[in-house]
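Student: Quick one: this structure, given as structure tokens, is what I'll be asking you about.
Just so it is clear, none of the values below were taken in a lab; they were calculated from the coordinates. Just so we're clear, the structure is a prediction, and the values are computed from it rather than from any experiment. A quick note on method: Cβ atoms are made from the backbone with ideal geometry, for glycine too, and the neighbour counts reach across all protein chains shown.
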Amino acid sequence: MQVGFIGLGRMGSPIAANLLGAGHDLTVYNRTKAKAEHLVPRGAQLAKTPGDAARGDVVITMLADDHAVDQAVFAKDGILAALAPGAIHVSMSTISVALSERLDAAHREKRQGFVSAPVFGRPDAAVSANLFVVPAGKRETVAKCQPLFDEIGQRTFPVGEEPPMANLVKLSGNFLIASVIEALGEAFALIGKAGIDRAQYLDILTNTLFGAPVYKTHGSLIAQEHYTPAGFKAELGYKDVGLALSAARELKAPMPLASFISDRFLALLASRGGDLDWSALALLAKRDAGGETPLRRSE
């Protein structure tokens with residue numbers, strides 16, 4: 001299959017590498033060219049523009065936010081202008097429901113296929129092709145993309161024929177992860193102040209009632225205070241919770257906890273923690289409990 005891939009960050013790069021390893025004819029584009037060049041010796045072709053990467057059967061975008069996706073798709077040299085009728089844009093980015101609706105309408109007008117397919121999993125899962133893929137779009141369009149999903153993930157969870165539904169599932173899932181991080185941070189601050197060993201506490205949690213990957217992964221990062229390099233930056237966590245709140249307002253579904261989590265992320269960003277892993281949200285609870293952290297205190 002002729003595949004274009006746009007966005008070669010910590011998630012996009014290993015996903016693209018796995019597709020290349022599976023034998024696909026891959027054309028890659030990244031705004032920072034150096035992030036794409038490492039795939040060239042493995043057989044990838046470099047595109048000069050997003051549109052140049054969108055001249056095959058499928059083009060995949062894995063970009064940081066709505067603005068980046070908007071630019072890649074709607075610019076004069078973007079995906080929308082270059083993608084052939086019947087070819088498919090697969091958006092794996094975590095974007096707003098509103099942008100997903102706009103993308104779906106624009107691609108339908110051009111008789112192009114569109115699938116929203118965000119993923120659950122951190123960069124290590126992307127490297128090992130163990131992501132969970134959550135696609136939504138026309139059934140036949142999703143089916144054409146299934147071989148690609150099989151090569152990057154361990155399981156696919158189709159959620160319907162309306163692409164924005166996949167984005168809502170992803171945003172709600174990221175809100176849940178952020179809620180777990182906040183709860184873990186407060187729990188570690190509590191036991192830490194009592195002098196209980198953090199590693200032992202994590203062992204108790206993850207080997208009793210809290211054995212899910214989200215507790216193991218983020219609990220380990222918090223216990224070790226290992227927040228760099230970021231698997232997922234705090235600034236992106238703030239963005240995603242904000243997008244969940246925007247969707248909630250449209251649907252008139254109050255999310256008081258999400259509002260609180262959003263403010264906690266904002267406090268972390270204000271304390272110059274935006275580039276830390278989003279598990280660093282736990283530093284706020286530690287600081288509030290009187291512990292020493294790298295965050296500056298508010299005056």
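Student: Name the residue farthest towards the positive end of the dipole of segment 2-161 from the options Val73, Gly121, Ala44, assuming +1 on Cβ of Lys and Arg, -1 on Cβ of Asp and Glu, about the Cα centre.
Tutor: The one lying farthest along the dipole's positive direction is Ala44.
Student: What size of dipole, in debye to the nearest 20, comes out for segment 2-161 about its Cα centre when the only charges are +1 on Lys and Arg C-beta atoms and -1 on Asp and Glu C-beta atoms? Before the final figure, lay out the partial values.
Tutor: Details: 17 positive and 16 negative charges, 36 e Å.
Dipole size: approximately 180 debye.
Student: Once label points are set 7 Å from the Cα along Cα→Cβ at both Asp150 and Ser128, what is their separation, rounded to one decimal in nm?
Tutor: Using points 7 Å along Cα→Cβ, the separation is 2.2 nm.
Student: Over segment 25-131, what relative contact order in percent results from Cα pairs under 8 Å that are six or more residues apart?
Tutor: Computed over segment 25-131, the figure is 21 percent.
Student: Moving to a separate point now. In segment 152-288, what is the count of Lys pairs whose alpha carbons are under 29 Å apart, counting only pairs at least 8 residues apart or on separate chains?
Tutor: For segment 152-288, qualifying lysine pairs total 15.
Student: Put +1 on the Cβ of each Lys and Arg and -1 on the Cβ of each Asp and Glu in the chain; which of Val214, His107, Gly137 then has its Cα farthest toward the positive end of the dipole?
Tutor: Selected residue: His107.
Student: Report, in debye and to the nearest 20, how large the dipole of the chain comes out about its Cα centre when Lys and Arg carry +1 and Asp and Glu carry -1 on their Cβ.
Tutor: Charge dipole of the chain: 280 debye, to the nearest 20.
Student: Just how large is the dipole of segment 40-127 about the Cα centre, in debye to the nearest 20, putting +1 at every Lys and Arg Cβ and -1 at every Asp and Glu Cβ?
Tutor: 260
Student: Could you work out the relative contact order of the chain, using alpha carbon pairs under 8 angstrom and six or more residues apart, expressed as a whole percent? Don't jump to the answer; show the numbers that get you there.
Tutor: Working: 539 pairs, mean separation 40.1, N = 299.
Worked out over the chain, it gives 13 percent.
Student: Which of Lys216, Lys193 has the fewest other C-beta atoms within 10 Å, and how do the rest follow up to the most?
Tutor: Lys193, Lys216
Student: Still on this structure, please answer the following. Mean-square fluctuation check for the chain, GNM, Cα pairs under 10 Å: which of Ala82, Ala244, Ala199 is largest?
Tutor: Result: Ala199 has the largest fluctuation of those listed.
Student: While we're here: Need the full-extension length gain, Gln2 to Leu190, defined as separation in residues times 0.36 nm minus the C-alpha distance. One decimal, nm.
Tutor: Values: separation 188, 0.36 × 188 = 67.68 nm, distance 5.32 nm.
Between Gln2 and Leu190, full extension yields an extra 62.4 nm.
Student: Two decimals, Cα atoms only, Kirkwood Rh: what is Rg/Rh over segment 2-161?
Tutor: We get a ratio of 0.92 for segment 2-161.
Student: So, one more: Given only helices, namely DSSP H runs of n ≥ 4 each adding -39500 (n - 2.57), what is the per-residue ellipticity at 222 nm of the chain, to the nearest 500 deg cm²/dmol?
Tutor: Values: 13 runs with 151 residues, N = 299.
When only DSSP H runs of four or more count, the value is -15500 deg cm²/dmol.
Student: Could you point to the residue in Ala230, Pro14, Val180 farthest towards the positive end of the chain's charge dipole, with +1 and -1 charges on the Cβ of Lys/Arg and Asp/Glu respectively?
Tutor: Selected residue: Pro14.
Student: Would you mind ranking Phe74, Phe149 so that the residue whose beta carbon has the fewest other beta carbons within 10 Å leads the list?
Tutor: Phe74, Phe149
Student: Continuing with the same structure: For the chain, find the longest principal axis of its Cα atoms and tell me its angle to the long axis of helix 97-109, 0 to 90°, nearest 10.
Tutor: Approximately 0 degrees, to the nearest ten.
Student: Next up: By the scheme Lys and Arg +1, Asp and Glu -1, what is the net charge of all other residues having a beta-carbon under 13 Å from that of Gln71?
Tutor: Net charge in that neighbourhood comes out at -2.
Student: How far is it, in nm, from the label point at His38 to the one at Leu266 when both lie 7 Å from their Cα along the line to the Cβ?
Tutor: Between His38 and Leu266, the simple spin-label model gives 3.6 nm.
Student: How large are Rg and Dmax for segment 167-288 when calculated on the C-alpha trace, in angstrom?
Tutor: Final numbers for Rg and Dmax: 14.3, 45 Å.
Student: To make sure I understand the rule: partners must be lysines, Cα under 16 Å from the Cα of Lys48, and not fewer than 8 residues away in the same chain. Which ones qualify?
Tutor: The reachable lysines, counting only those whose Cα sits under 16 Å from Lys48, are Lys33, Lys35, Lys76.
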